[in-house]
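Comments concern the structure below.
The values are calculated or read from the model by the stated rules, or taken from the named source; none is laboratory data. These numbers come from a predicted model, not from an experiment. Here Cβ is always computed from backbone atoms with ideal geometry, including for glycine, and neighbour counts include all displayed protein chains. For accessibility, only protein heavy atoms count, side chains too; no ligands or nucleic acids. Shrake-Rupley method; radii C 1.70, N 1.55, O 1.52, S 1.80 Å.
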Amino acid sequence: MLAISLTALQLLDIRRGQAYGNWWIAPDWLIYTIAAAPLSLVLRRILPVVPCVLLAAVSIPAYWATDGIPFLLAALAIALYSLAAHRRLLLALPVATVVIAALQQLSKLGVEHYQVQLWFFPVITETIDPEIPYGPPLQYGYEYFRISERIWPVSLALALALLPLLGVLARLYRRNREVSQRQAELERRTAEQDAAQVVLTERSHIARDLHDVVAHAVNLMVIQAETGPDLLERGDKDVLAGFQRIGDAGRRALGELDRMLSALRDADGLPDPALAPQPGLADLPRLVSDVAHEGLAIELDLRGDPDHPPAGQQLAAYRLVQEALTNVVRHAGATKVTARVDVQDDDVLVRVVDDGRGFDPEVARSGGRHGLAGMRERVRIHDGSLQIDSAPGRGTTVTARIPVTRKEAVAE
């Protein structure tokens, strides 16, 4: 549309000039070439050198033929701008410099050589004055003197030189804008990935907590229910006690689930203060008493001040012992378990040993057992270490170290 518009305006300008007596010395082929030259702007984005050279070439005879060529100069300015805006600077600036310098030099060369003018404007031989003695007959005409004064002005060349500079600025602006857009898009994608990672992490935490709470409670209820036939033989008192233990385990599981669901439902992600307390090291004796039964003896050795570690480290240690005991009940077939928790100034050491059937840790890892994965994740969050030593037929030993920094202890 730009090329067609400038071509139409150039053609109308030529027609208007002819009405005022201009362009009469230009032959038809030259007029048509000058009028069609702005059409080359259709190549300004893919081959910008072509419109630059073509428009510069026709601008020289057009400048000789008439007093003003505003639309042709506008087309040339756009071509020079596009050259710098859409091509590499190492190519654009030298080509623009050569084109602008050639305008003045070629126009000067043309006015100094009569044959060049004669090739473009053959009618100048028809306007001679035989009374003026300035060379051989029929060599010069009146139009020659007018054309000889039409050297491309330096001011116009300097004005055209501004267009490539504007193209360079536009190119740099566009490049900076693209870089900013890419950076904004990268930041947006990074934020989305971070948000997705947060969601995945939270889902992992929820899955781990649900596993710890539900699996442990369900296992306790299953064990108590399986002992029901034996309790019936002992009498009503033992049966009622068994049902009481099942009810206690279910109520504790519901309480923990309520605490988790409260945190999920709160708009700010904060749990109900009435449900906020999490189990800690001081709750380990009750945990052990709930899990222990006639066929499984559990010895708890709790050393140090259980209130010294922060709540996060206490919960991690509690869940480790809980998961280890749950695994003993579900898989080990053990008769004796020793659970030792040693609270030190800088660490919480956890060690759970059973005399069960054992297992292959590598097979369990590849099998994707959620309990062991949750234990590793809890320890990893606190920059701790976890070691599981087991083999088929020789029991299992779970050892963990959870660091307790003084800064965290003070903050609690």
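Limited to region 289-312, what total is found for residues that are part of a helix (DSSP H, G or I) and open to solvent by less than 10 Å² (accessible area, probe 1.4 Å)?
Step one: filter region 289-312 for residues part of a helix (DSSP H, G or I), giving 289-291, 311-312.
Checking which are open to solvent by less than 10 Å² (accessible area, probe 1.4 Å) leaves us with 291.
Counting residues in region 289-312 that are part of a helix (DSSP H, G or I) and open to solvent by less than 10 Å² (accessible area, probe 1.4 Å) gives 1.
Test residue 320 against the criterion of being open to solvent by less than 10 Å² (accessible area, probe 1.4 Å) and closer than 26 Å to residue 242 by Cβ, and give yes or no.
Numbers: open to solvent by less than 10 Å² (accessible area, probe 1.4 Å): yes; closer than 26 Å to residue 242 by Cβ: no.
For residue 320, the condition - open to solvent by less than 10 Å² (accessible area, probe 1.4 Å) and closer than 26 Å to residue 242 by Cβ - is not met.
Please state which of the following conditions residue 156 fails to meet, knowing it meets all the rest: (1) at pLDDT 85 or above; (2) open to solvent by 70 Å² or more (accessible area, probe 1.4 Å).
Checking residue 156 against (1) at pLDDT 85 or above; (2) open to solvent by 70 Å² or more (accessible area, probe 1.4 Å), the one that fails is (2).
Here's a check for you: in region 335-348, which residue that is surrounded by fewer than 21 Cβ atoms within 10 Å (Cβ to Cβ) and under 27 Å from residue 295 (Cα atoms) is nearest to the chain's Cα centre (by Cα)?
Ranking the qualifying residues of region 335-348, first place goes to 342.
Can you find even one residue in region 78-88 that is at pLDDT 90 or above and open to solvent by 10 Å² or more (accessible area, probe 1.4 Å)?
Checked against the condition, which is being at pLDDT 90 or above and open to solvent by 10 Å² or more (accessible area, probe 1.4 Å), region 78-88 yields at least one hit.
Could you tell me whether any residue of region 5-16 is among the small types (Gly, Ala, Ser), crowded, with 22+ Cβ neighbours inside 10 Å and without any contact (Cβ under 8 Å) to a residue 40 or more places away in the chain?
For region 5-16, residues among the small types (Gly, Ala, Ser), crowded, with 22+ Cβ neighbours inside 10 Å and without any contact (Cβ under 8 Å) to a residue 40 or more places away in the chain: absent.
Might you check whether a residue that is assigned to a helix (DSSP H, G or I) and hydrophobic (A, V, I, L, M, F, W, C) occurs anywhere in region 20-28?
From region 20-28, those assigned to a helix (DSSP H, G or I) are 28; that's our starting set.
Restricting the remaining residues to those that are hydrophobic (A, V, I, L, M, F, W, C) gives none.
No, the conditions are met nowhere in region 20-28.
I need every pair where a residue in region 68-83 that is within 13 Å of residue 58 (Cα to Cα) has its Cβ under 7 Å from the Cβ of a residue that is among the aromatic types (Phe, Trp, Tyr) and modelled with pLDDT under 90, sequence separation at least 6 or different chains.
Qualifying pairs under 7 Å: 69/63.
Over 15 Å from residue 103 (Cβ atoms) and either in contact (Cβ under 8 Å) with a residue 12 or more places away in the chain or assigned to a helix (DSSP H, G or I) (or both): is that true of residue 64 in this structure? Working first, answer last.
Details: over 15 Å from residue 103 (Cβ atoms): no; either in contact (Cβ under 8 Å) with a residue 12 or more places away in the chain or assigned to a helix (DSSP H, G or I) (or both): yes.
It is false that residue 64 is over 15 Å from residue 103 (Cβ atoms) and either in contact (Cβ under 8 Å) with a residue 12 or more places away in the chain or assigned to a helix (DSSP H, G or I) (or both).
Being open to solvent by 30 Å² or more (accessible area, probe 1.4 Å), of a type outside the set (A, V, I, L, M, F, W, C) and at pLDDT 85 or above is the filter here, so list the residues in region 375-393 that pass it.
Step one: of region 375-393, the residues open to solvent by 30 Å² or more (accessible area, probe 1.4 Å) are 376-377, 380-383, 385-389, 392-393.
Imposing the further condition that a residue be of a type outside the set (A, V, I, L, M, F, W, C) reduces the set to 376-377, 380, 382-383, 385, 387, 389, 392-393.
The answer is 383, 385, 387, 389, 392.
Condition first: aliphatic (A, V, I, L, M) and surrounded by fewer than 14 Cβ atoms within 10 Å (Cβ to Cβ). Now tell me which residues in region 17-46 satisfy that.
Here is the first cut: in region 17-46, the ones aliphatic (A, V, I, L, M) are 19, 25-26, 30-31, 34-37, 39, 41-43, 46.
Answer for region 17-46, where residues must be aliphatic (A, V, I, L, M) and surrounded by fewer than 14 Cβ atoms within 10 Å (Cβ to Cβ): 19, 46.
Just to be sure I understand the filter: pairs with C-beta atoms under 7 Å, separated by 6 or more residues or on different chains, first member in region 356-374 and part of a helix (DSSP H, G or I) and at pLDDT 70 or above, second member among the polar types (S, T, N, Q) and buried (at least 16 other Cβ atoms within 10 Å of the Cβ). Which pairs pass?
361/390
Working carefully through the options 203, 259, find the one that is surrounded by fewer than 13 Cβ atoms within 10 Å (Cβ to Cβ), assigned to a helix (DSSP H, G or I) and modelled with pLDDT under 70.
Values: 259 fails: surrounded by fewer than 13 Cβ atoms within 10 Å (Cβ to Cβ).
Sole residue among the options that is surrounded by fewer than 13 Cβ atoms within 10 Å (Cβ to Cβ), assigned to a helix (DSSP H, G or I) and modelled with pLDDT under 70: 203.
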